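The values are calculated or read from the model by the stated rules, or taken from the named source; none is laboratory data. What you are looking at is a predicted structure, and each value in this text was computed from that prediction instead of being measured. So basically every Cβ, Gly included, is an ideal-geometry build from the backbone, and we count neighbours across all protein chains shown.
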Amino acid sequence: MLDEPMIQTGGFRNTDGGFELRLRLPYYRGLWANLLEGATVEVDGEGFPADAVRWTIGDRSFTIADLREPSDLRWPVDRPAVLSVPRDEPLAVGEHDVTVELGIRMSYIPEELQPSIWIEQRKLVITR
Amino acid sequence: MSAPAWEYGVSLYSYTGEFGVTKTLDDVIEDVADLGATGLEILGEAHVEDYPNPPAAWVDAWFARNERLGLTPTCYGSWIDTRRFPGRDITEDEAVEQLELDLRLAATLGFRYLRPKLGVVTADLEPHPVWETATERVLELAAEKDVVICPEIHWPSVIRSKVVDDYLAFIDRTGTEHFGLLMDTGVFQKSMHGRRGGTPMRMGNGGGRPPITPVVPVSDLEDVLDKVVHVQAKFYCVDDDLQDHYIPWAEFLEVLHRREWRGYLSSEYEGDYATGRAADQLRRQHALLRSLSATL
């Protein structure tokens, strides 16, 4: 089961060369990953652009640039995506302000109202 | 006149925000049976595990569960994502490939109806022209699988519109029995319901406004009802006194009854997000619909 917020409580951690967080798809169906416009991430006011983020869904990993090519990659509605963000220093242990803006192209909504952008801010904790 | 000939179903769309968060697929399907419905509608891309290639064990469990609960698969929702690839529209071949994939999967799971949600090309929601050429190319497969393709008449589109005229002309021109209309009752909403809850979302630069649409009289349904193969009984709120202030159910059911319409009223809750609210609202709506039907 996933957490109700788009930004998941678990999965926020330092990694070699950056940090990770998990998102659930805040939408009612799974998607061809090609429909993703990407996600920007902000931690305590420090911004990370969408093209810096590496995505992992299941056992497959990709960048937004990869999605310009046709692909059968999917983001199921009941599975989280792991966003890997490069950063020189590890995030400090403790609470952080995390904001994510996720953009997705909807074909059935007039183009001038697109993309659809979900925005969420949460406090997340780095434990080590 | 005979008793109402329709049956009651639920679309799993109703549990958006809870599916995968507080409820599993088993939970939501059990709930549909528990509230007394017999028709089960799903969204292929939401509810089929490992879409578009579900494991054989999942398919076996699908049929076993439906048999145990007395549920019949009704409509399978699909999408033609015309903007799937950045910078270009999908090709006709790509649209055909998507439609074929969903037709085969819907048939494998025992569905009779397939609702493709179409990409649009104008502010007033004219569908991408690929719908017509691609649909024509899969009509033979639809006939072979005996699945009826039914695009929806859905707010903010109205019944008396070019898009609906084009669908009807397509049926006339091809003579197909495997294309029809899906009527979404949100078209008849008397006022807009602002949905609360869920992750905040904006569309585009945020400057867009929801379209202003006329109130569609239920009498317009009479023009197209003989081509309507499935009803998505869209609703937003049934209050504590079992009143729905948005959708005119009594008028709607009167037309269906007088015209002896057969098919499923498949409930689609689209009100506020809150844990447990969909299950409660679905029960209220079914109580309301069944009460009104008993007076016809």
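Numerical summary
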read-out	value
Selected residue (only one of B:ALA278, B:ALA233 is more than 14 Å from every other protein chain (Cβ to nearest Cβ), among the small types (Gly, Ala, Ser) and not in a loop (DSSP other than H, G, I, E, B))	B:ALA233
From A:TYR108, A:TYR28, residue being part of a loop (DSSP other than H, G, I, E, B), without any contact (Cβ under 8 Å) to a residue 12 or more places away in the chain and within 22 Å of B:LEU43 (Cα to Cα)	A:TYR108
Restricting the stretch A:48-94 to residues that are among the β-branched types (Val, Ile, Thr) and more than 13 Å from the chain's Cα centre (by Cα), the residue that is surrounded by the most Cβ atoms within 10 Å (Cβ to Cβ)	A:VAL77
Residue within the stretch A:49-68 that is touching a residue at least 40 places away in the same chain (Cβ under 8 Å) and within 28 Å of B:TYR273 (Cβ to Cβ) present	yes
Condition check for B:LEU99: surrounded by 17 or more Cβ atoms within 10 Å (Cβ to Cβ), on the phi > 0 side of the Ramachandran plot and outside any strand (DSSP E or B)	no
Residues being among the acidic types (Asp, Glu) and within 14 Å of chain B (Cβ to nearest Cβ) - total across the stretch A:68-112	6
Of the criteria (1) charged (D, E, K, R); (2) in a loop (DSSP other than H, G, I, E, B); (3) crowded, with 17+ Cβ neighbours inside 10 Å; (4) more than 10 Å from chain B (Cβ to nearest Cβ), which one A:GLU4 fails	(4)
Count - residues of the stretch B:181-211 that are in a loop (DSSP other than H, G, I, E, B), in contact (Cβ under 8 Å) with a residue 40 or more places away in the chain and away from chain A (no Cβ under 13 Å)	5
Residue list for the stretch A:23-67, filter: out of contact with any helix residue (DSSP H, G or I) (no Cβ under 8 Å at 6 or more places or on another chain) and within 12 Å of chain B (Cβ to nearest Cβ)	A:LEU23, A:ARG24, A:LEU25, A:PRO26, A:TYR27, A:TRP32, A:LEU35, A:GLY58, A:ASP66
Given (1) more than 10 Å from every other protein chain (Cβ to nearest Cβ); (2) within 22 Å of B:LYS145 (Cα to Cα), index of the condition B:ASN53 fails	(1)
Filter result (of a type in the set (S, T, N, Q) and either at pLDDT 95 or above or farther than 30 Å from B:PRO211 by Cα (or both)) within the stretch B:122-148	B:THR133, B:THR135
Output for the stretch B:126-144, where each listed residue is part of a loop (DSSP other than H, G, I, E, B), without any contact (Cβ under 8 Å) to a residue 40 or more places away in the chain and not acidic (Asp, Glu)	B:PRO129
